[in-house]
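Let me begin by presenting the structure, written as structure tokens, before commenting on it.
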Amino acid sequence: MTEPETNREADEPLRIGQVAKETGVTPRTLRYWEEVGLLEPAAYRESGERLYSSAERERVTHIRELQELLGLTLAEIQDVLASEDTLERARRAARADAPTAKRIRLLGDAIEANRRLVERIGERLGRIAEFRDECVERGKRMATRRAELEAEMNRVARR
């Protein structure tokens, strides 16, 4: 009998099918995300089989959250991940006590990536606010029309 998946070592590399099952995406989706640069397997076996570490599995979960919870497109997700990756490179350089000039450059890159991300989020929020306003207006028009119909129905009923 095999051990349940919940007892598996967190850092044990998993094959693409296992990751797909664990994260609720298809193997095809994982391959596509690799093709467009959102995800990179930790390693490949000699046979070409992809292996994913816990870090890549967390990234898959993060991508799904960005898609499902925030409704971001893959292009927007690429911006989010690029910003996060750039910031992580700056953190690693600081921990490794990299030369100050390199750390300044990396932080500059992270600041710029974050600026682009904030801009893109602002654009999306603007579109969402416009859509919300349209829905509110539509709701008001429907409520007005309903009230008119109810008043008409009451007038007819009193006759």
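The numbers here are math on the coordinates, done by the rules we state, and not lab data. The structure presented is a predicted model; accordingly, all values stated were derived computationally and were not measured. Cβ: placed from backbone, ideal geometry, glycine included. Neighbour counts: every protein chain shown.
Measuring from a point 7 Å past the Cα of His62 along Cα-to-C-beta, which residues in the range 85-99 have an amide N at less than 19 Å? What the label zone holds, given the 19 Å backbone N cut-off, is 85-96. Of [x] -0.89; [y] -0.69; [z] -0.80, which one was derived for log10 I(q)/I(0) by the Debye sum over Cα atoms at q = 0.14 Å⁻¹ from the structure shown? Here the calculated entry is [x].
Calculated FRET efficiency, Glu34 to Arg127, Cβ-Cβ distance, R0 = 35 Å: about 0.75 to the nearest 0.05.
Rounded if a/c is under 1.5, else prolate if a/b beats b/c, else oblate: with a ≥ b ≥ c from the C-alpha gyration tensor eigenvalues square-rooted, which is the range 73-159? Prolate shape, in that a/c is at least 1.5 and a/b is the bigger ratio. A cut-off of 5 Å between modelled amide H atoms, ignoring neighbours fewer than 5 places along the same chain, links Leu72 with Gln67.
Taking 30 Å as R0, compute the FRET efficiency from the Cβ-Cβ separation of Ala157 and Glu137 and round it to 0.05.
Numbers: r = 30 Å, r/R0 = 1.01.
Calculated value: 0.50.
Put a dot 7 Å past the Cα of Arg92, heading toward its Cβ, do the same for Arg15, and the two dots end up 2.9 nm apart.
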